[in-house]
1. Using amide H atoms built in the peptide plane, which far-off residues or other-chain residues are under 5 Å from T279 H to H?
2. Could you give the nm distance between label points at R11 and V31, where each point is 7 Å from its Cα heading toward the beta carbon?
3. Given the DSSP H assignment, sum -39500 (n - 2.57) over each helix run of at least 4 residues in the chain and divide by its residue total; what's the result at 222 nm in deg cm²/dmol, nearest 500?
4. Given labels modelled 7 Å from the Cα in the Cβ direction, how far is it in nm from V336 to T266?
5. Given points 7 Å out from each Cα along the Cα-Cβ axis, report the I379 to K51 separation in nanometres with one decimal.
6. Can you report the principal axis dimensions of the chain using only the alpha carbons, biggest first, rounded to whole angstrom?
7. Roughly what angle does helix 2-14 make with the longest principal axis of the chain, taking Cα atoms, 0 to 90 degrees, to the nearest 10?
8. Can you tell me how much longer the chain between S98 and I86 gets when fully stretched, taken as 0.36 nm per residue apart minus their C-alpha distance, in nm with one decimal?
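Values in this text are rule-based calculations from the coordinates and carry no lab data. Since the model is a prediction, treat every value here as computed from it, not as a measurement. Here the Cβ positions follow ideal geometry from the backbone for every residue, glycine too, while neighbour counts run over all protein chains shown.
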Amino acid sequence: MIRIYRLEIKRVLKSRRSIILLLISLFMSVVMAWLPVLYEDINQYDKNGNKVAELNGLEAIAYKKSLRSENNGEVTMEKLKEALNIYQSVVLPYGEDSLSSGEFPTDIYIKKVFPIQSLLARLPEAYSNPKTGQGISLMDISPNKLDGFYEQTTQHLKDIMQMEQKKYPTAQKHAIQKYVEVNTPFQLYTGYSRDAFDYIILFIFLLVILCTAAVTPTFSNEYQTGSDSILRCTKHGHSRLAIAKIMAALTIFTVAFVICISIHLTISNLAFGTECMKTSMQMLFSVISLPALNLGQLQITLAIGGLISLLATVSFTLFLSAKCKDSLSVILIAIVTCLIPIFTYSAGANWLTFILPSAGIGMQNSLLYQLTSFNYLHIGQASIWSPYVIIVASIIEIPVFLLLAIRAYNKHQVI
């Protein structure tokens, strides 16, 4: 059995299709980690407000961090009050609209406003209108209210859950209990781009697609060539051969995923600064995000969730490969299945969106955005948070589809 397993690994790794797709995966892990770095830009000004340089990439990141680093650390009420006082006193003479219109003095913006923007970014959301959820202007927030900032975030969550899950008290209760676990005060280490997280989930999606394409011929290709008829006549030509093929495929693509996502995250974190990983995800996404995670822990969660979705999708594809007689049908069905959650989510979140093998990958339907949203699936009076459904469904599907693949291979009739 071990010998067959080793031979299967060698066979897959010698396949031209597998080599090309794995090389593409490695290449994309580097490119997609570097793209958000390239999009970083900022103008550098002298003391008189005159532009002296246009910075891009690593230089822009370093310059931005140098301007904002004084606010790194705990997000305390004292820091928030001081920053808001500075913002309001500086912006009041010109009006807040001048910031977006470009009429605000550049030198004052760089010295006074830009360094505190990331610290104040979550205040409009936290103090939003309780009836509509619409954020308010920083100019309309009294600095004295910031003494109860963290109590206000909890109240804001209650208001949002009352609006979004009005008919489901169990969902409201779960969200509030989950939010209690979030560590306060929040941590902020500026520098990491929210766009970089979009590239992480997009890369995971592409990686799953590439691995799915690589695994499609595992059984169906041998059906087409007729070599399967010969293999079935050997001593281990049924269940043992199927198990060896499945284990070889899972091993190769698990290792490939771990290597590629590790390369991607390492490049991204080194470019933006590893200290940024200590930032609370509530400071980069929504102030009422439920997970008690910092950015580093969020990356690990997305990587593990992506691996589980990959294994579920590959297991489903192996079942298709054992069931179908040609590779083209397998890859078409597998790719369509990968895309279905994206389209069903855009039409409205439902059970189908979150129980398919590829439910955790995509964009707005991805695990990242489900962790930062309040989508609940309901069974009677019970309410289940969508990230739980995604992970549990994928974990269940892995052994189910693998057993179905073995069964389908054993029952395959050579015509």
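1. Y189, L295, G296
2. About 3.2 nm separates the two model spin labels.
3. On the way: 19 runs with 266 residues, N = 415.
That calculation yields -20500 deg cm²/dmol at 222 nm.
4. Here the answer is 4.0 nm between the modelled labels.
5. It works out to 5.9 nm between the two label points.
6. 86, 55, 33
7. Once rounded, the angle reads 60 degrees.
8. Values: separation 12, 0.36 × 12 = 4.32 nm, distance 1.63 nm.
Length difference between fully extended and current span is 2.7 nm.
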